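The values are calculated or read from the model by the stated rules, or taken from the named source; none is laboratory data. Just so it is clear, the structure is predicted and the values come from calculations on it, not from any experiment. Cβ placement follows ideal geometry from the backbone for every residue including glycine, while neighbour counts extend to all protein chains displayed.
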């Protein structure tokens, strides 16, 4: 399969997993569910979608997807560090939310894979040369 097709699919999956994850954060009360969160998430997601679908195989698209991969990879790390708190551990034990934990693991895997594919795409491009 072509590198750019794999990167597009991975980046779209990563965006989907991040929205699932953010919804879980709002449901559990770790993030506010107000208008400020919506104003922050929607433009970020639109730029990510634009970079993934319209700017695919361009340097700017690779950079946007690389940053998205970093965000995806960072979410499980942040939550695993915060999970050491007593409140997070009790919440995980009482609710046993399999989907939330699965989303974190999927974010880590797709984030790292997207990061590798976008770095590979940037590395293979000749700077200053047209496609």
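Just one of the numbered conditions (1) crowded, with 16+ Cβ neighbours inside 10 Å; (2) modelled with pLDDT under 85 is not true of residue 90: (1).
Residues of the range 6-32 that are more than 13 Å from the chain's Cα centre (by Cα) and within 24 Å of residue 105 (Cβ to Cβ): 6, 23, 24, 25, 26, 27, 28, 29, 30, 31.
The single condition among (1) more than 19 Å from residue 112 (Cβ to Cβ); (2) surrounded by fewer than 16 Cβ atoms within 10 Å (Cβ to Cβ) that residue 1 does not meet is (1). In the range 30-83, of all residues being surrounded by 14 or more Cβ atoms within 10 Å (Cβ to Cβ) and not in a helix (DSSP H, G or I), the one that is modelled with the lowest pLDDT corresponds to 83. Of the residues in the range 13-29, not one is over 24 Å from residue 100 (Cβ atoms), free of Cβ contacts under 8 Å to residues at least 60 places away in the same chain and assigned to a helix (DSSP H, G or I).
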